[in-house]
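Q: Got a structure for you, written out below as structure tokens; questions coming shortly.
The values are calculated or read from the model by the stated rules, or taken from the named source; none is laboratory data. No experiment lies behind these values; they were computed from the predicted model shown. A quick note on method: Cβ atoms are made from the backbone with ideal geometry, for glycine too, and the neighbour counts reach across all protein chains shown.
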Amino acid sequence: MLIYLNEIPQQIESGRQLYSLRDQHKPEADILIVNGHPASSDMELNAGDHIVMISRGVQPSATELEGLMMARHTPGVHQKVKGGHIGIAGVGGLGSLVALALARTGIGQLTIADFDIVEPSNLNRQQYFIDQIGQPKVSALGDSLKRINPAIKINCFEQKVTPENIAEIFATVDILVEAFDGADQKAMLSNQFLCLFPDKILVAASGIAGYGASNSIRTTKISDHFYLCGDGITAAEPGCGLMAPRVGIAANHQANAVLRLLLNKEPE
């Protein structure tokens, strides 16, 4: 019968036990994961099982790394996600975290666009480091993403997104994530993208400021091609700043909406 050992197809006999397979292929492995869940005891394997064997603390080879990184995924998810191409317009608090979440999820390709550089006031909520201050955000984020997932393809556009260049930057993406700060930028991108690409999907955010209730942030379907994450009310203004916890909740709503769409499931 056919199983997948560290994402490599293997033919084994029916009735084979997990520990017997480990002893044959990777006897030093002390972490065993079957179909996305750690195995704490021996078990009989079934056709189609995905088994991952990891030696704790040992650096895997480049060929092994991608499969081992995705060991905790639900079976069948990785290949669909790996085939996705996601655009992110703006890589500040929202966009930088969406990018990191998707990189860890195993997305195949990201196109990121932002004209800004990293500066100290970004660090309370954006996914950058002190030693990246002064660097263009797209290149700093690209470096971090490659450290997380070397297999990802990243297209960086160090420029301001305008009505004139939206098509040039994002024509080939499957889904676009809107991650701007200003309401005028958000409206511009949403209107232009959905007009230019009526068959593509936009995942936007609105109402993420302050430290209000976590569960007031929701994912709402506006139309068949437009989803909005946030509470829809709480904007950044004097006396109500942007803070990491709530920005992070909204960003992960956006990332999870993208994941569900890639898996042909309705975001909720």
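Q: Quick check on this structure: which one of Ile201, Ile217 is over 14 Å from Val177 (Cα atoms) and surrounded by 12 or more Cβ atoms within 10 Å (Cβ to Cβ)?
A: Working: Ile201 fails: over 14 Å from Val177 (Cα atoms).
It is Ile217.
Q: So which residues in segment 84-116 are in a loop (DSSP other than H, G, I, E, B) and within 20 Å of Phe197 (Cα to Cα)?
A: Going through segment 84-116, the residues in a loop (DSSP other than H, G, I, E, B) turn out to be 84, 90-92, 106-108, 114-116.
Correct list: Gly84, Gly90.
Q: Filter segment 38-69 down to residues that are in a strand (DSSP E or B) and exposed (fewer than 13 other Cβ atoms within 10 Å of the Cβ), then give me how many there are. Steps first, answer last, please.
A: Narrowing segment 38-69 to residues in a strand (DSSP E or B): 38, 44, 50-54.
Now drop any that are not exposed (fewer than 13 other Cβ atoms within 10 Å of the Cβ), which leaves 38, 44.
The number of residues fulfilling the criteria is 2.
Q: Would you be able to say whether some residue in segment 164-175 is of a type in the set (Val, Ile, Thr), surrounded by 16 or more Cβ atoms within 10 Å (Cβ to Cβ), out of contact with any strand residue (DSSP E or B) (no Cβ under 6 Å at 6 or more places or on another chain) and at pLDDT below 95?
A: Pass one, segment 164-175, residues of a type in the set (Val, Ile, Thr): 166, 169, 172-173, 175.
So of that shortlist, the ones also surrounded by 16 or more Cβ atoms within 10 Å (Cβ to Cβ) come out as 166, 169, 173, 175.
Going one step further and asking which of them are out of contact with any strand residue (DSSP E or B) (no Cβ under 6 Å at 6 or more places or on another chain), we end up with 166.
From the residues that got through so far, the ones that are at pLDDT below 95 too are none.
No - not one qualifying residue is present in segment 164-175.
Q: Scan segment 82-100 and tell me whether some residue there is surrounded by 16 or more Cβ atoms within 10 Å (Cβ to Cβ) and modelled with pLDDT under 95.
A: Checked segment 82-100: at least one residue is surrounded by 16 or more Cβ atoms within 10 Å (Cβ to Cβ) and modelled with pLDDT under 95.
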